[in-house]
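Visitor: Input: one structure, supplied below.
Quick note: the coordinates plus some simple rules give every number you see, no bench work behind them. Please read all numbers here as calculations on a predicted model, not as lab measurements. Cβ placement follows ideal geometry from the backbone for every residue including glycine, while neighbour counts extend to all protein chains displayed.
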Amino acid sequence: MLHTKSFDSPDMLFRHISNQDEKDFITLVTNPLYGQFSPFGTITQQTAQDAFKTILSNYENETYEFWAVIDKKANTFAGFSGFYPVSFEDQLEEMFFMGLQQQYWEGFFSLNVAKLACNDAFTIKKIPKLISFINPSDIASLNCAIQLGAQFEKTTKFFGTTVFLFSIEKNT
C-alpha cells in the first residue's frame with residue numbers, strides 16, 4: 001500500500017486530509033499571498049473545492065501522498081505536505097510539495113515538515129530522489145530547501161511560471 005495514514009513528531013502530526021480540513025484547505029490555497037508563490041497562482045474557491053475532492057479520491061486510488069499537517073501545540077491545521085509523481089521534461093519524477101499557513105513559513109516548523117516528509121519518502125516509500133519547484137521570490141521556501149540540503153538544479157518553467165528546480169536525494 002502506498003499511503004502512510006499518519007505519523008508525527010513532538011510538534012506536529014501528519015495525517016490524511018479529511019472532510020474536516022476542507023474549509024482550512026480552501027482558505028489557505030485561495031489566499032492571494034499563498035498564490036503569489038504557488039506555480040498555480042491564486043486559485044478560485046471552485047478550483048480549490050475541486051482540488052480538495054480530487055485529493056480525497058486519490059487516497060482510494062493510491063495516486064500520491066498528501067497529508068494535513070497539524071500543529072499539535074495549537075491543535076490547528078498548519079497546512080499540508082506530500083509528494084507525487086509528475087512528468088517533467090519527459091521524465092517521471094517524484095515532486096515534494098508543502099503549503100503552510102503564513103505563520104509557519106519561517107523557522108523550524110517548515111523545516112521539520114520538510115524533514116518528516118522526506119524521511120517518509122526515503123525510508124518508508126524507498127523513493128531515491130525528490131524534486132521541488134520553488135518560486136524565486138519565495139525566500140522562506142528557498143531557505144528551507146537549502147537548510148534541508150536540497151541542491152539547486154536550474155531555473156525552469158512549471159505550469160508556465162518561472163521557478164527554481166531543487167532536488168534532494170536519500171543520502172543528502
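Visitor: Can you name every residue in the range 55-112 that is crowded, with 21+ Cβ neighbours inside 10 Å and of a type in the set (D, E, K, R)?
Guide: Matches in the range 55-112: Glu65 only.
Visitor: Right, next: Is it the case that some residue within the range 133-141 is under 15 Å from the mean Cα position of the chain (by Cα) and part of a loop (DSSP other than H, G, I, E, B)?
Guide: Yes: the range 133-141 contains one or more residues that are under 15 Å from the mean Cα position of the chain (by Cα) and part of a loop (DSSP other than H, G, I, E, B).
Visitor: Residues of the range 25-50 being of a type in the set (Ser, Thr, Tyr), surrounded by fewer than 18 Cβ atoms within 10 Å (Cβ to Cβ) and not in a loop (DSSP other than H, G, I, E, B), which ones?
Guide: Thr27, Thr47
Visitor: Follow-up question, since we're still on this one. Restricting to the range 150-172, name every residue that is surrounded by 13 or more Cβ atoms within 10 Å (Cβ to Cβ), small (Gly, Ala, Ser) and part of a loop (DSSP other than H, G, I, E, B).
Guide: Ala150 - this is the single residue of the range 150-172 that is surrounded by 13 or more Cβ atoms within 10 Å (Cβ to Cβ), small (Gly, Ala, Ser) and part of a loop (DSSP other than H, G, I, E, B).
Visitor: What strands (runs of 3 or more DSSP E), lying completely within the range 51-125, carry at least 2 residues that are more than 24 Å from Lys23 (Cβ to Cβ)?
Guide: Result: 76-88, 91-100.
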